[in-house]
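For reference, the structure is listed below as structure tokens.
The values are calculated or read from the model by the stated rules, or taken from the named source; none is laboratory data. No experiment lies behind these values; they were computed from the predicted model shown. Cβ sites come from the backbone with ideal geometry, for glycine too, and all protein chains shown count toward neighbours.
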Amino acid sequence: MRLTAKNEILFKEEELVNFLIKLCKELRNKGMPLSISEVENAMKILKTYCSLTGYIKEKEQYMVPFNDFKEVLKAVLAKRVNYESVFEEVLNNFVLKKASLRYKIVRDIEFNLKELRLHYGDRIPVAKVKVLVKNPSKKQAFYTLWKLGVIKKDSRKGVFEIARKEKINSIVSKCVEHNLKDLNKAANYIMLKNIQKCSLRRIKDEKDFYLDSIEDIIRNKLSIEDLPNTKILELSLYAFEKKRRNVSKFLAKILAHRILKAPSEVKTLDSSKLIKVLKEHDLLDSQIIASILNYNPKAVNELIKDYRNTLLETLSSIRLESQRLVISKLFKSPLSKNEIHKIISTANPRALSSLEKIKYNNLNASEQILIKAASKLAKAFEYYRKAFLENNKGYYDMANSVLEEYHNLMKQYSSTIPVHKMSELEKIVTEKIDVLNALLASVSSGMSSNLPYILKIYGAGFQTLHLLKEVYEAAVDDEVKKNILHAASMVVQRLKTKYRSCITTAKRKKTKRKTANMVIRDSIYNVLRFEEKPIVYQERKKEVKVILLVDVSGSMREFAEHAILIASTFTKSISDLIVFREYVVKVPNRILKNPILLVEFLFNLKFGGWTNIALALSEASRRKGRKVVVMISDLKQTVKGYNPLDEAKYAVKGSIEFIVLTPPLHDEAFANELKTLGAKVYAVNNVEDFVRKLAYIFRSS
Amino acid sequence: MKTSEGFKENVVEKKVYETYLSIVEPFKPIRSVRGIVNRLREDFKLIVSEKLVALVVSAFLIGRPVLFEGPPGTGKTEVGYGILTLWAGKKAFILPCSENYDEYRVIGDFHPLMAMKMGFTEESFVPRPLLAALVLDSGVLVDEIRRSSEEFQNMLLDIVDKRRIVIPELKRVFKAKGEGFQVIFTSNPEDIAQGELSDAFLRRVVRIKFTYPPEEVEKEIVKLRLGEDYRLVSEDNIAKVLAVINELRSKALHKPGPADTVAWTQMAAGLAKLRGKRKADIRDFYDAAFSVLLKRSEDEDVVSMVVEKYFKR
């Protein structure tokens, strides 16, 4: 859709629809109440008008004088005298300004071509361009046209081709569509879109050009949110090779940030390149290392040398498979006794299977035998599990033979070492062996004699619950699973008691007891009707519902689990529990009320993925009635295409109170915006603080 | 064309044809834009742009009523009436609105004595113009819609939208049979003592704004309206008349429209004829001016000042 030199609007039907929708959106923003039916009418009447007056060109194109176009639309869209000026202003902005912008862009393109002494349709050899771009102003002009797509490189022929005049219409339309007034900005914008689409090989072929472009894009503060990680990594690496440290660091920071938000992104990246870039800019912290190892365990080879201490720290937060690999790699290098102690205590018992062949001079013989026994037991467990899951007799035989080795080692250990002389390391390994025994029993039917033992070791806390979850996932027999759920429900009950007791320590506001208002009309009627004892009617206080929104993305795991359990403790105060990540799920009340169902729900809940706060807020806004909305989230909207602030406005407007509890690390800008909207935002320092605050909110509501 | 003979059983239609057919004077409808413009010029002595007619016809074709808005004397009613008449091929009905206008006055009513005798039957029913227009497939011009109540506007919109009238007492639904049944509303937003039109009403109509025409068009209108009498007025005096009118539009409370320009010139030409002159002079224009231009006592000074400026004796 465009304005011709004769002041005529040239458009196709589908273009007209888009144009009218945008125009009406803008008019609504200016206060004109326009409905969809008016948009439809405007389109119909314009088409009929063009047919009646003969303003139809070939190929289903309409060409109508701008004044006619304006009058027809005005008749349908501007229905009041005071709307006429608004309509004219908006329409002129939409059409005339765009036309002048179009003219300006074409003029600027032609100016640049003139500066380079080139014409539309020209071809120039690459060698000549190399000479041409030695002049900085000409280089700028050439690169701008290249980025815009006015100039294209034909590598096979070894020439640069300048587009023909008819071809630049689409380029200019793109600029006009995005209201890009400055040619350089337009070039950067179009280049950014090109980088998104082009292949890695193309970037590799034209490193300098792409690096220059990305540098300009960063300098002009264009958002590179949509640029894929693979391209960011490549560009960062090239920038580093070309000694453009600032560009390289900027891109590496974006990568690090993205990995923290969505660790699974690591899968798509070359880990050695990634580690190289992050390492050069000192961006490898424990969280990023954990993310890398979770999705790419082999990356440990590149990390083991320089990041041994960080690996030790992150061991507990990485996945089982990665843990095994990391442990075996760590044990291949010399370790102090303290380090060994730390590894074994933090590692998952199942990960001990990788310690089968260790030989350490700084461990005594009994410790070595015990660790070896633990690794055999872990291995036996894995074989048994596979045997059960795949119904494979071979695994079963292997499991039996490994288990026999374990028994032999334990016999050897108990015969040589008296119990009262156990070292600290041995105590830890023994505990792990107990857990492994419990796990082993869980894969063979009719077990769970060891479950009370696990509960005794770990107490009624989340650690026990997590361990039970592991056992639950390992178990294959339904009866065993049922027993585990039962044991876990006991833990949950104890946790609930803890939450209740937590309230007594939380400060409670002293409030005056309010008397309810008397309903005069009903009371008088009652007195008149029954002459004896009159009944006085009083207003009943309306119930306030609490809607709890819990973010179950990866970073919120710790808080989310507590929040769900607290919600189940105060079921009377809560109307809806909604958990959300990239999708939203309403937890049914029967799950909250039944401990076994609750445990099952917790065990099956998958933490991780993206976060869509906007969706959760819209879900809360949809619920009718008086309500208090409590949201537990780090306020980081990672799903694109949604505006959480808009939804928050509705949520604040529709609820009598809007409370947000955030962990220490959260999106502060969004939190401040929520505060200005009238929401109460509390940043909690730790889990205990969080539990107290949330329990208090429920109790007081 | 059907006659009342064709409706032996449908009493209401029979009554409509008996009462209103002679009024509408059917002829062949004109459905082309240029045809309508030409006939408006020839038969109705109206100068209307093709754009306006095309817009009105487009609205008719997509099934939307039209609202003519503008200052008084700009020809809204005449143009509306002309277009509706030519489009339907029958003289349009005009409903001049007032506050107490209601469905009984526009759709139909029951004759009280007959209703007492026969009950609410078709025999006791008296059809009114809107129903007649629907049955006869003729246009309706709802004049000064702002003067009517909101309920009345909503009722009209429902009828125009669905192109049917329901009369529950008769258990009958009358549906429009052709494209001739179209509605044009007129309104003057600057007129005092009028209600506002609701958003719901405005959403359904296509609004066309009428303004004072440019000088050359206004001169053309005068020429067309005066016909043979145009030879009685000189070009010089016409130019002065238009200057006075334009000045009064910016200064006076009552803003004269093209209709006033025509009336003034016609009166001056008439006076000249009475006085036995070959051409109307300054005196004729001066004498005719006040009776046409002075509509409000507050404007007395302004009108005399402006008229004397151009037609000083």
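Take the residues in the range B:248-258 that are part of a helix (DSSP H, G or I) and either free of Cβ contacts under 8 Å to residues at least 60 places away in the same chain or of a type in the set (A, V, I, L, M, F, W, C) (or both), then tell me which one is surrounded by the most Cβ atoms within 10 Å (Cβ to Cβ). Lay out the reasoning, then the answer.
First, pick out the residues of the range B:248-258 that are part of a helix (DSSP H, G or I): B:248-251, B:258.
Add one more test, that the residue is either free of Cβ contacts under 8 Å to residues at least 60 places away in the same chain or of a type in the set (A, V, I, L, M, F, W, C) (or both), and what stays is B:248-251.
Working: B:Leu248: 23, B:Arg249: 15, B:Ser250: 8, B:Lys251: 13.
That would be B:Leu248.
Quick one: what pairs do we get from the range B:272-298, first residue farther than 18 Å from B:Ile245 by Cβ, second of a type in the set (A, V, I, L, M) and part of a helix (DSSP H, G or I), C-beta under 6 Å, 6+ apart or different chains?
B:Ala272/B:Leu232; B:Lys279/B:Leu232
Of the conditions (1) closer than 17 Å to A:Lys165 by Cβ; (2) within 14 Å of another protein chain (Cβ to nearest Cβ), A:Leu118 fails just one. Which one is it?
Of everything listed in (1) closer than 17 Å to A:Lys165 by Cβ; (2) within 14 Å of another protein chain (Cβ to nearest Cβ), A:Leu118 misses just condition (2).
Where in the range B:106-188 are there strands (runs of 3 or more DSSP E), lying fully within it, with 2 or more residues that are under 22 Å from the mean Cα position of the chain (by Cα)? Write out each step before concluding.
Details: elements: B:108-110, B:125-127, B:140-143, B:164-167, B:172-175, B:183-187.
By residue number, B:140-143, B:183-187.
Return the residue satisfying two criteria in turn: it lies in the range A:6-40 and is part of a loop (DSSP other than H, G, I, E, B), more than 9 Å from chain B (Cβ to nearest Cβ) and not aliphatic (A, V, I, L, M), and of such residues it is nearest to B:Arg204 (Cα to Cα). Spell out the reasoning first.
Residues of the range A:6-40 that are part of a loop (DSSP other than H, G, I, E, B), as a first pass: A:6-7, A:30-35.
With the extra rule that they be more than 9 Å from chain B (Cβ to nearest Cβ), the set shrinks to A:6-7, A:30-32.
From the residues that got through so far, the ones that are not aliphatic (A, V, I, L, M) too are A:6-7, A:30-31.
Details: A:Lys6: 33, A:Asn7: 30, A:Lys30: 21, A:Gly31: 18 Å.
If we take residues in the range A:6-40 being part of a loop (DSSP other than H, G, I, E, B), more than 9 Å from chain B (Cβ to nearest Cβ) and not aliphatic (A, V, I, L, M), then A:Gly31 is nearest to B:Arg204 (Cα to Cα).
Go through the range A:100-119 and report how many residues are touching a residue at least 60 places away in the same chain (Cβ under 8 Å), among the hydrophobic types (A, V, I, L, M, F, W, C) and surrounded by fewer than 19 Cβ atoms within 10 Å (Cβ to Cβ). Steps first, answer last, please.
Going residue by residue through the range A:100-119, those that are touching a residue at least 60 places away in the same chain (Cβ under 8 Å) are A:101-102, A:104-106, A:108-109, A:112.
Adding the requirement that they be among the hydrophobic types (A, V, I, L, M, F, W, C) leaves A:101, A:105-106, A:109.
This time we only want the ones that are surrounded by fewer than 19 Cβ atoms within 10 Å (Cβ to Cβ), so: A:101, A:106.
Number of matching residues: 2.
I need a count of the residues in the range B:98-144 that are closer than 27 Å to B:Pro29 by Cβ, out of contact with any Pro (no Cβ under 6 Å at 6 or more places or on another chain) and either without any contact (Cβ under 8 Å) to a residue 24 or more places away in the chain or of a type in the set (D, E, K, R) (or both).
Residues in the range B:98-144 being closer than 27 Å to B:Pro29 by Cβ, out of contact with any Pro (no Cβ under 6 Å at 6 or more places or on another chain) and either without any contact (Cβ under 8 Å) to a residue 24 or more places away in the chain or of a type in the set (D, E, K, R) (or both): 3 in total.
Taking the range A:681-692 as the search range and keeping residues that are of a type outside the set (A, V, I, L, M) and farther than 18 Å from A:Arg557 by Cβ, which one is surrounded by the fewest Cβ atoms within 10 Å (Cβ to Cβ)? If you could, list the steps in order and put the result at the bottom.
Taking the range A:681-692 first, the residues of a type outside the set (A, V, I, L, M) are A:682, A:685-686, A:688-690, A:692.
Next, only the ones that are farther than 18 Å from A:Arg557 by Cβ stay: A:682, A:692.
Values: A:Tyr682: 14, A:Arg692: 17.
Taking the candidates together, the pick is A:Tyr682.
Go through (1) under 17 Å from the mean Cα position of the chain (by Cα); (2) outside any helix (DSSP H, G or I); (3) hydrophobic (A, V, I, L, M, F, W, C) for A:Val628 and report which single condition fails.
(1)
Report yes if some residue within the range B:60-71 is out of contact with any Ser or Thr (no Cβ under 7 Å at 6 or more places or on another chain), within 9 Å of chain A (Cβ to nearest Cβ) and among the aliphatic types (A, V, I, L, M); otherwise report no.
Looking for residues that are out of contact with any Ser or Thr (no Cβ under 7 Å at 6 or more places or on another chain), within 9 Å of chain A (Cβ to nearest Cβ) and among the aliphatic types (A, V, I, L, M), one finds at least one in the range B:60-71, hence yes.
Looking only at the range A:207-258, count how many residues are touching a Cys at 6+ places or on another chain (Cβ under 9 Å) and modelled with pLDDT under 85. Explain how you work it out, then say what you get.
Filtering the range A:207-258 down to residues touching a Cys at 6+ places or on another chain (Cβ under 9 Å) leaves A:210, A:231.
Going one step further and asking which of them are modelled with pLDDT under 85, we end up with none.
So the answer is 0.
Can you pull out the strands (runs of 3 or more DSSP E) entirely within the range A:120-201 that have at least 1 residues that are surrounded by fewer than 18 Cβ atoms within 10 Å (Cβ to Cβ) and under 39 Å from the mean Cα position of the chain (by Cα)? Can you show your working first?
Values: elements: A:123-125, A:151-154, A:159-162.
Those strands (runs of 3 or more DSSP E) span A:151-154.
Within the range A:310-395, considering only helices (runs of 4 or more DSSP H) that don't extend past its boundaries, which have at least 3 residues that are in contact with a Pro (Cβ under 9 Å, 6 or more places away or on another chain) and not aliphatic (A, V, I, L, M)? It would help to see each step written out before you state the result.
Details: elements: A:320-332, A:337-346, A:365-390.
Counting at least 3 such residues, we get A:320-332.
Which condition number does B:Glu216 fail, the rest of (1) more than 30 Å from B:Lys15 (Cα to Cα); (2) more than 14 Å from chain A (Cβ to nearest Cβ); (3) part of a loop (DSSP other than H, G, I, E, B) being met?
(3)
Among the candidates B:Ala268, B:Ala243, single out the residue that is more than 26 Å from B:Glu50 (Cβ to Cβ), among the small types (Gly, Ala, Ser) and surrounded by 18 or more Cβ atoms within 10 Å (Cβ to Cβ). Give the steps one after another, and end with the answer.
Working: B:Ala243 fails: surrounded by 18 or more Cβ atoms within 10 Å (Cβ to Cβ).
Going through B:Ala268, B:Ala243 in turn, the sole match is B:Ala268.
When you go through A:Lys204, A:Lys243 one by one, which is the residue that is among the charged types (D, E, K, R) and assigned to a helix (DSSP H, G or I)? Give the derivation first.
Working: A:Lys243 fails: assigned to a helix (DSSP H, G or I).
Going through A:Lys204, A:Lys243 in turn, just one is among the charged types (D, E, K, R) and assigned to a helix (DSSP H, G or I): A:Lys204.
Kindly indicate whether any position in the range A:547-558 is at pLDDT below 85, in contact with a Lys or Arg (Cβ under 7 Å, 6 or more places away or on another chain) and closer than 19 Å to A:Lys693 by Cα.
Looking only at the range A:547-558, we keep the residues that are at pLDDT below 85, and these are A:553-558.
Now restrict to residues that are in contact with a Lys or Arg (Cβ under 7 Å, 6 or more places away or on another chain): A:553.
Narrowing the set further to residues that are closer than 19 Å to A:Lys693 by Cα leaves none.
No - not one qualifying residue is present in the range A:547-558.
Taking into account only those residues within the range A:72-95 that are in a loop (DSSP other than H, G, I, E, B) and buried (at least 22 other Cβ atoms within 10 Å of the Cβ), which is farthest from the other protein chains (Cβ to nearest Cβ)?
Our first condition is that a residue be in a loop (DSSP other than H, G, I, E, B); within the range A:72-95, this holds for A:78-80.
Then keep just the ones that are buried (at least 22 other Cβ atoms within 10 Å of the Cβ); that gives A:78-79.
Numbers: A:Ala78: 7, A:Lys79: 4 Å.
Restricting to residues being in a loop (DSSP other than H, G, I, E, B) and buried (at least 22 other Cβ atoms within 10 Å of the Cβ), the top hit is A:Ala78.
Could you figure out which of (1) more than 14 Å from chain A (Cβ to nearest Cβ); (2) surrounded by fewer than 19 Cβ atoms within 10 Å (Cβ to Cβ); (3) closer than 28 Å to B:Glu196 by Cβ isn't true of B:Ile23?
(3)
When the residues of the range A:41-62 are narrowed to those that are more than 11 Å from chain B (Cβ to nearest Cβ) and over 47 Å from the mean Cα position of the chain (by Cα), which ends up modelled with the highest pLDDT?
Step by step, filter the range A:41-62, then rank; the result is A:Ile56.
Are there any pairs with C-beta distances below 8 angstrom linking a residue in the range B:300-313 that is free of Cβ contacts under 8 Å to residues at least 60 places away in the same chain to a residue that is of a type in the set (Lys, Arg), with the two at least 6 apart or on different chains, and if so which?
B:Val302/B:Lys251; B:Arg313/B:Arg283
Taking the stated definitions as given, is A:Leu113 away from chain B (no Cβ under 14 Å), assigned to a loop (DSSP other than H, G, I, E, B) and more than 43 Å from the chain's Cα centre (by Cα)? Write out each step before concluding.
Values: away from chain B (no Cβ under 14 Å): yes; assigned to a loop (DSSP other than H, G, I, E, B): no; more than 43 Å from the chain's Cα centre (by Cα): yes.
Spelling it out, it is not the case that A:Leu113 is away from chain B (no Cβ under 14 Å), assigned to a loop (DSSP other than H, G, I, E, B) and more than 43 Å from the chain's Cα centre (by Cα).
For residues that are part of a helix (DSSP H, G or I) and modelled with pLDDT under 90, scanning just the range B:21-40, find the one that is nearest to B:Lys209 (Cα to Cα). Spell out the reasoning first.
Narrowing the range B:21-40 to residues part of a helix (DSSP H, G or I): B:21-24, B:33-40.
Next cut, modelled with pLDDT under 90 only: B:21-24.
Details: B:Leu21: 33, B:Ser22: 33, B:Ile23: 30, B:Val24: 28 Å.
The qualifying residue nearest to B:Lys209 (Cα to Cα) is B:Val24.
Please work out if A:Phe658 is among the hydrophobic types (A, V, I, L, M, F, W, C) and either surrounded by fewer than 12 Cβ atoms within 10 Å (Cβ to Cβ) or under 18 Å from the mean Cα position of the chain (by Cα) (or both).
The answer is no for A:Phe658.
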